[in-house]
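So the structure is just underneath, and the comments pick up after that.
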Amino acid sequence: MTTPPVIAFLSRMSAHYQRPYLDALRAALPGEIVAPLAQLSASQRAQAAIAIVANPDPADVAALPGLRWIQSLWAGVESLVAALAPDSPPIVRLVDPEMSRTMAEAVLAWTYYLQRDMPRYARQQTQRVWVQQPYRKPSQTSVGLLGLGELGQAAAMRLREAGFVVCGWSRSPKTLDGVETLSGQDGLDLMLATSDIVVSLIPLTPQTRSMLDAVRLGRMKQGAALINFSRGPVVVTNALLDALDRGHLSHAVLDVFDVEPLPIDSSLWDHPHVTVLPHISAPTDHETAAQVIAANIRAFRATGQIPGNVDLARGY
């Protein structure tokens, strides 16, 4: 009788949070053994060619001598790239259409929040002020997307369908129907200067860390707003707070932070021009992620080819 192939599941999540992922992966891969490292025998550890990981302990990765490639449960892999040794096996990040749909939904929802002046109405409520603010149509609102990968492109299409004026910046030139696309330093400056709302969706890399610093925030349009759905360190927090305090920027919707959970003593919690979200813009869906990962693994078993993996030099 043939022994089923072994896949190691490596995570520092609690057993409670691991369980739905394991259940979904096992259902999607009925011919495989998917198990946490602690449940694998020495021979099974030696046999495992694939590891599915979510914030793994690097020592656990090193405990798999036959590892051919690593499948991330997350779309963002900057922490994984930073934690593992340079000679670690290739990393494959999660590319899930459901995550793209969810992120596009979140971008549209919070763009509406800013376009319809919800932060101001929330402040008016606390002050018991009854004042109707002028209405600004989507067609009168320019939204600039910082990053045009899978998530950025999905968000651009959703915004365009809703009637917003959409432009997007990417590291390399791209073309997207109905969207002004920009690249390079001049393109970035133009996008920042002309957008009423800037949405950050870029991965965190050495090049994008602190990308939105005091200089670039200062280049944003007077009274513009920022949505950060990428990673906290893309934005320099003190520079953002200064821009908000000076009135140069009107509001910031932040779903990601330098430290998560956001410390209880952070000044962001109480800032009148900041909306704090607990990293909820595009959560991984257990079921659809398992199907995407299972398809990657089945293709590898059939062909021996590792799915498109992360460019370690770029960081994504």
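Helices in the chain, meaning DSSP H runs of at least 4 residues, each add -39500 (n - 2.57). Divided by all residues, the mean residue ellipticity at 222 nm is -11000 deg cm²/dmol. Determine the shape class of segment 1-141: with a ≥ b ≥ c the square roots of the Cα gyration tensor eigenvalues, call it rounded for a/c under 1.5, and otherwise prolate if a/b is greater than b/c, oblate otherwise. Prolate is the answer for segment 1-141, as a/c is 1.5 or above and a/b outweighs b/c. Based on the Cβ-Cβ distance from T126 to A162, what FRET efficiency comes out when R0 is 22 Å, to the nearest 0.05? That pair, T126 with A162, gives E of 0.15. Spacing of the modelled spin labels on S172 and V215, each 7 Å from Cα toward Cβ, amounts to 2.5 nm. Counting only DSSP beta bridges with both residues in segment 99-276, the antiparallel share comes to about 5 percent.
Relative protection proxy for 218-224, 153-159, from highest mean packing down: 153-159, 218-224 (other beta-carbon atoms within 10 angstrom). Dipole magnitude for segment 99-276: computed about the Cα centre from +1 point charges on Lys and Arg Cβ and -1 point charges on Asp and Glu Cβ, it is near 420 debye. Over every Cα atom in the chain, the radius of gyration and the widest Cα-Cα span, Dmax, amount to 21.6, 75 Å. With the highest mean first, a sort of the peptides 49-60, 273-284, 169-180 on other beta-carbon atoms found within 10 angstrom per residue produces 49-60, 273-284, 169-180.
Where a ≥ b ≥ c are the square roots of the eigenvalues of the C-alpha gyration tensor, would you call segment 99-276 rounded, which needs a/c under 1.5, or, failing that, prolate if a/b is larger than b/c, or oblate? The shape class here is oblate.
Near L192: Cβ cut-off under 14 Å, other residues only, Lys/Arg at +1 and Asp/Glu at -1. The net charge is -2.
Neighbours of L241 by Cβ distance under 14 Å: Lys/Arg scored +1, Asp/Glu scored -1, total -4.
With R₀ set to 35 Å, the beta-carbon distance separating A83 from D265 gives a calculated FRET efficiency near 0.80. When the charge dipole of the chain is built from unit charges on Cβ atoms (+1 for Lys and Arg, -1 for Asp and Glu) and taken about the Cα centre, the candidate among V131, S266, T102 whose Cα reaches farthest toward its positive end is V131.
Neighbours of D255 by Cβ distance under 14 Å: Lys/Arg scored +1, Asp/Glu scored -1, total -2.
No value in this document is a laboratory result; all are computed from the given coordinates. What you see is a predicted model, and the numbers here were worked out from it, not measured in a lab. Neighbour counts are summed over all protein chains in view; Cβ atoms, including those assigned to glycine, are modelled from backbone coordinates with ideal geometry.
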